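Everything below concerns the one structure shown next.
What follows draws every value from the coordinates through simple rules; no lab data is involved. Quick caveat, the model's predicted, so the values are computed rather than measured. Don't worry about glycine lacking a Cβ; one is built from the backbone with ideal geometry, like all the others, and counts go over all protein chains shown.
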Amino acid sequence: MKLSLLFLAVGFLLVLFQTTILHLLPLGPIVPDLILVLCVYWGLNYPSVGAVLGSFILGYSVDVFSSPLLGLNAFAMSLVFLAVYLSSRCIWIRDSLLSAAVVFAASWVKALALLMASSFFLTPDGLWRGFLQYVLLDALAAAALAPILFFLLRRGQRYIETAEMPS
């Protein structure tokens, strides 16, 4: 329970960081998706009902703060969690380089889910303009930050688990 609350608190801090401070950096329209990295971490290392619910809630939080349509990021993050969870049952990933590759692939899953879902609600004019370039750059930025964030999450998880052990 404490671990789930820690992950959710970290998730809300990442939403706050991603929707405010990262937009102030001189990276242009490229903002690394830290929530996606957390959802991938959950899918690889902590698959549970709480993680599914957390992925949905954090995706919806991103929608509330920065999306014109509510529910798109919630759908995409839930889909990312499901895809990572199902693929993690077939492969064993403990290396930081491989986990960065999974984050890169998950970025594309999210982008395609957002594109498919938004095509129902938005006009297709200009939908593809710059799409591939921004998705590639966002995916590379998230994959570059993934090993650092995975390390910090594992450290927090070990701290909580050792604190719960009876002495």
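Couple of notes before you dig in:
- Relative contact order of the chain, pairs being alpha-carbon contacts under 8 Å that are 6 or more residues apart, as %: 28
- Within the chain, helices built from complete DSSP H runs that reach 15 Å or longer along their own axis (Cα positions) and carry a mean Kyte-Doolittle hydropathy of 1.6 or higher are 2-19, 34-45, 72-88, 96-121.
- Given charges at beta-carbon only (K, R positive; D, E negative), |dipole| of the chain in Debye: 300
- Coarse-grained scattering of the range 1-120 at q = 0.09, 0.22 Å⁻¹, given as base-10 log I(q)/I(0) from a Debye sum over alpha-carbon atoms: -0.23, -1.34
- Trypsin sites (Lys or Arg not before Pro), loop per DSSP, at most 13 other Cβ atoms within 10 Å - longest free stretch of the chain: 1-88
- Relative packing of 24-31, 38-45, 70-77, 144-151, which averages over residues the other C-beta atoms within 10 Å, highest first: 38-45, 70-77, 144-151, 24-31
- Candidates Ser61, Ser119, Ser96, ranked by Gaussian network fluctuation over the chain, Cα under 10 Å, top entry: Ser119
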